[in-house]
1. Inside 10 Å of the C-beta atoms of B:190-196, what's the mean count of C-beta atoms belonging to other chains?
2. Which stretch or stretches of segment A:249-268 have amide N atoms under 18 Å from the point lying 7 Å from A:V278's Cα along the Cα→Cβ direction?
3. Going Cα to Cα from C:K597, which aspartates and glutamates come in below 20 Å? Please leave out same-chain ones fewer than 8 positions away.
4. C:K219: which lysines have alpha carbons under 24 Å from its alpha carbon, excluding same-chain residues fewer than 8 sequence positions away?
5. By accessible area of protein heavy atoms, probe 1.4 Å, what ranking do A:L225, A:L286, B:L331 get, highest first?
6. Counting other C-beta atoms within 10 Å, and keeping those with at most 12, which DSSP coil trypsin sites (Lys or Arg not before Pro) do you find in segment C:244-291?
7. What's log10 of I(q)/I(0) for segment B:177-309 at q = 0.09, 0.17, 0.21 Å⁻¹, Debye sum over Cα points only, no solvent?
8. Just to confirm the filter: which GluC sites (Glu not before Pro) across segment B:213-322 are DSSP coil and have at most 13 other Cβ within 10 angstrom of their Cβ?
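The values are calculated or read from the model by the stated rules, or taken from the named source; none is laboratory data. Source: prediction; values computed, not measured. As a convention, Cβ positions derive from the backbone with ideal geometry for all residues, glycine included, and neighbour counts pool all protein chains shown. Note: accessible area is taken over every heavy atom of the protein model, side chains too, but ligands, DNA and RNA are not part of it. Shrake-Rupley method; radii C 1.70, N 1.55, O 1.52, S 1.80 Å.
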Amino acid sequence: MLAFIMRRLGILSVILFGSSFILYNMAAISGDPLADLKLSTDPNRDFLVASLTRELQLDVPPPARYFLWIKGIFGIFIGKPDFGMSRDGSTVAHSLALAIPVTIRLVLAATIFAIVLGIAIGIVTALRQYSRFDYSMTFVSFLMFSLPIFWVAVLLKEYLAISFNNFLREPKVPLGWIIGISLFSAIFWASVIGGSRKAFWTAFFSAALIAGSIVTLFSVSGWFLNPGLGPIVITAMSVGIAYGVTQLSVGLINKAALKASLTMAGLSLVFYYPAQWVFDKHPGSLPVFLMACVTITIAVFVGLSYSKIDRAPIVRTTIITAVLSAGLVVVDKFMQTWKPYMETDAINYRPVPTIGQRSDLLDTPDYWLKSLDIVTHLFLPTVALTLISFAGYIRYSRGTLLEVLNQDYIRTARAKGLTERTVIMRHAFRNTMIPLTTIMVVDFAGVIGGALITESVFGWSGMGTLFRQGLLGYDLNLLMGVFFITATLSVLANLVADLLYSALDPRIRVGGGA
Amino acid sequence: MIFKKKAAQNAEVNSSGENAIANKEIEGLSQGQIVRRRFFRHRAAVFSLGVILFIVVFVFTALDFRFLGIWHVKGWWKWSPEDIPDLRYGDCPNDTVGCPTISLLPKALGGNGIGLGDHPFGQDDIGRDFFSLVMKGTQRSLSVMVVIGFLGGTIGTIVGSISGYYRGKVDAVLMRFTDFIITIPAIIIGSVVGYHFGNLGAIFLAFYLGLFAWTGLSRLVRGEFLTLREREFVDAARVAGASNRRIIFKHILPNAVGVIIVSVTLLLSGAILLETALSYIGFGVVEPDVSLGLLINKYQDSFTTRPWLFWYPGLFIISIALSINFIGDGLRDAFDPRQRRRISKKERQESASARKLAQAHD
Amino acid sequence: MKLNRNAKYAFAVAAAAALAVSLLTPAQAATRSTVILHETNPITGLNCSLSATNSTTCSAVSYLQGAGFNYYNNKKELVKNTIFGSYKITKKSATDFRVQYTVNPGRVWSDGTPIDGVDLLLSHVLGSDAYSIAAGLGDPKSKTAKPAFNGLGYSGVYADNIVGEPVLSADKMSVTLQYKKPIANWDLYGPGPAAVHTLVLMADGKTSLQTAAVNQDAKDRFLAAFKAKDTALLKKMGKIWSEDYTITTVDSKTNPLLLVSNGGFILDSAVAKTSVTLVKNPKYNSGPAMSGTIDKVVFKFIGDGTAAAQALANGELDVYAGQATADGVAKLKAISAVNLVGVNNVAYEHWDLHYDTVPDEAPYTGLFSVKDGAKSLALRKAFLLAIPRNEIMEKLIAPINGVTTPIQSTWVSPGSATYDKVTAANGSAFYSRGTQETRNASALALVQKYYPNALKQPLKVRVLVPGNNPRRASEFALAKANMAKVGFELVGDVRTDWPSKLGNSDYDAYFFAWVASSVTQRQSAEVFDTNGGNNILGYSNPAVDGIISTLDVPMSDSLLAAKYIQIERLTNADAVTIGVFVHPGVVAVNKDLKNVKPAPLSPQMVWNYWEWTY
């Protein structure tokens, strides 16, 4: 095994060497750095040309220049790789160090949302194959998949940012919208729940009524200007979460798990006010993290105290419930911050931004304002990226689950009388995740270098921007720096995917082929 | 009404059963016939196929067609992208120029009657007929798509099947070569080609993109071959003395064709988007050549002012990508012999009662 | 189960809403004091004189932070900044030309250090090749080694003409420069102030602001080093100057010595590739007093034009500046809270015809070669006549800025004082009289004189078409359509690497834009001079060369205009080039922000920042 990995790593470095050589030479002939100067009428143009030639070592032929570059990279073996200088005078390593976190921040949330949403919808569509829901989700996902990202960005900015901010000036939802939203959620929930005609119409009308009344309430109460959940709603939602999580993970039949989860839901009410105190008196990421740890610890204890046998699934259920309920408390805190945030000078009642990573004017020490600012700036790019990428996950998970459901072991599971929930969640879902996991690994590596257009339309400066700058600005060191990171990640991810696949699926032997 | 249909569908699905051998429905049919039958049952896919065929015929007959200067077919549309007719001034909304003359509202309802007019999709800045531009752009984009799909599909299938079938050294070499190609961003090639041969046109662009688009497919095909080559029918063929080539192409490949077709359709719809993305960065199709990607890039700003310049090319991109995806979906279902299976309510109840029974025995 | 949950949800929300109390009324926002400006390209450093950092954005950012002896206003005039100091010619003869620059007393840097003549001396180090070599700082022209001050100022007009070193007056408030002859536009090449004491302090390794005495001492040490050509200290300063200013992140950890300046604003913070924030400089007294209410300026870098326009519509920007498109302008017009200001850029679009072989290229023997005498002249004239300049203006430029008349001169730009006078007499009327139909008719007559069959067998003209530029693609399409009417068939070669193809003998015609980033007497001389650096046509006319050689001495505007007229008469008669339009730019400004007057020349829209107000 170890020998296999070492061998693969050895081959990978040879591959990287080869492709970087080719790439360097390609990039070197992909443009003329002196082109701009050729159009200049400056009197000292010749000097400028000479100085740029000296700066970029243009008189050294590209293949030879490549070895000057790779010499710095080989420093990696003595722990000091040198990526060289970028044309703008900064070191490439520094630019990369600034860009990588930005890109990760940009794509992380979107990728997670896309995966969770995509898999959830994919599973439902597989279970309801050829239903209206299946068809409409397939349509929607393909539609999103077919849209160019800059197009999506233009539309989202127009409607979710500019129009929504205008709406906030007088946040009264017009009647037409209320009806539209009600109808939409009615159709959505009715198709998801499905079942008999009676069930369908019950779901339809209840969903319409609930959605309609919520929107109306929001509208008349000015909720959009001063949102919040409050302890009561949080408790109610936590109870719902407790039921839902228990049902999905171990089934409501497992009373111990249900009790433990409900206890955690109740605790979210008990700890609501203490949590507020911590949020206000000790703002910061560390206290939030510590509170998360405390929550999980309590959940473990509660889970253990309720369970006698089969503890692991119960504790797991309790933890999930606890984390989700605690999440609601944090969401509530963000909602409370919404009003002061809108009232700041920097925001001035236009809270949804179309561009940038943070507000340049928001000059505040307040942790929650700053965090909310980051969240609002992440909002549109995350929606855009999620929309265009979740289609892939829907298709993958739907296809894989359909395939798995036809396997003999599923038939065996059914035959021995397991509940449908157990069959789907325990047997089918887990096996569906095997190929999906490997896809995710490769995807994660891909997105680090891949959000070029998204970064550009939302004014973020991450790896995509560096790549573009390197390519269009004829900045070879920078370009190669970005390439080095993304290419290494992508070949490593492929290796990890192969290993993971064999680890998760015992039928596949590593090293069998290579 | 809806429910009746659904019930009928349920019944049909249930009757098809799980086991292909026991399936009366497909008894005595060749695989091709089975696939065709199943495909034609997928309504969305059939509809999409119709849409694509319509678009192809509609678009390729609209403009004059010249082939190497010998073959010249007259198009049915009156303008060509080279013509510069008079620009429509004055009577357009919001002081714009060159608005579309298409009208779908009958006179009786206060519209201008149903008709295309001179420039149904409007005109661009200098007065060129936008309909003809969209037609030419769609032609180009479709060609790009086909070239990328064909090249990527062929290379991917060949590399993947050889690699998966022979395993060992051949596999190692081919897969590392695939890794090598994966690491090279197509966009760099795009910039080099764009810089030095920017005027070679859309097909050339498609050609080199195709040379880099096969990696994902080859990995999939390889995986499929790795499993299939261990199956009994391959052993049987080998024992019967079939050559490797025959086993690969006659025995294994037909069984892997589902995977291939599905990924190729994804590749096709991906190709049209890739071309659009390249246009955004400036490495795509270069004017005076036209492509849908180029058009919607050029008229991004027109979204609120001259929306027709933004929506019409977009509409074609979406229709094509959407149809291709649905066709792929239909093909996927059609090729999977186990695919016609769903959990019916009856089964759920059966399983529940079985459970109760099991509990009772506890 | 879902329903169950929804029901609970609804109940809970209803309860919460019942509990919810305060209905909000949006408060009126206080008067703003911040301006957020849009720039397409990010700054790459704080010192704009390096090849790594040189950009218009950098010039704009540093303009807010620094005041010198003069600046360009929005009419392309060089305005003297008399609050900072004054300058005058003290001696003028054919071989001795002296200018004295005096700093007004009491001017201070943002750290409180007084500004004096010593601060003007660094300009000499940065501009004179001779000084750099003599002081052991390296030969700027060397192909291998960088000079200590690795700037872009060397080998220019200043280096070619300066005699000796600047002389500091006894009170240290003025310096006198001596040139070997009177030079045109001498006021452009004068010194600018630089906070030399900070360079010395940083060379010493200091990382915080120092006391007045230490600062003064540092300044004296620089003066001594400058006079004695102290290589060691100057080299250390050069390293700081060349390397330490290439930062794009500024925060509390940044060395404050890097940020010392004398402009109305000082740098407060910067986020790499994203934004730069400047705040009011409380000690500012080097330029016009700040009359407005602005106390913070943010530059926000957004590369995507559509994104920037939407950000403006969403109130995230106060000033948008960008490449204009018809739709972009219409869209900006539709934003009610915004005023649109048109602005001319410094680039002007023109068509050029190949005249003769350019040095180092294959021999040019095409359609327009001067070797064909009268025939090629007639063809060149016909070609220029048949360029549908009015149609190009109406369809491509007018939707942006309403301008419908093409430019008639490639030496003076529309709007400048002598434009009307020059264009009335420079022979451009030949190409613009009548309508396009009548011009087409005369063009056709010229062509048919030599090629009677031209309409049936059109003459192929090979045109280099710049790639990736929608406007130029449209321009070419219009030209191609009209040229077909006079017997020319344009064969376009679309290339993204077009700048390196200029002058190539494979083409008969080019169209693109020259960029003139300053206003000098020589103006377009490099294009038409036989040995000019921008002569891509192989154009050579001894009479033109003769007039160009007289442009190097200072002269009055009317004399200059007369010379331009003479040159343009000759070039128009030779039919080698014709201007079409000045590249239009667009600036959209928040309606509440007053006095933003965008200018074509650097520093563009920020030139009068002290007048800005809400």
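1. Counting other chains' Cβ atoms within 10 Å and averaging over B:190-196 gives 6.
2. It comes to A:264-268, nothing else.
3. C:E39, C:E77, C:D295, C:D318, C:E611
4. Within the straight-line limit of under 24 Å, C:K219 reaches these lysines: C:K172, C:K206, C:K227, C:K229, C:K235, C:K236, C:K239, C:K283.
5. Sorted descending by solvent-accessible area, the residues read A:L286, B:L331, A:L225.
6. Of the trypsin sites (Lys or Arg not before Pro), the ones in loops of segment C:244-291 whose Cβ has at most 12 other Cβ atoms within 10 Å are C:K253.
7. Debye curve over Cα of segment B:177-309, log10 I(q)/I(0) at q = 0.09, 0.17, 0.21 Å⁻¹: -0.42, -0.93, -1.16.
8. B:E230
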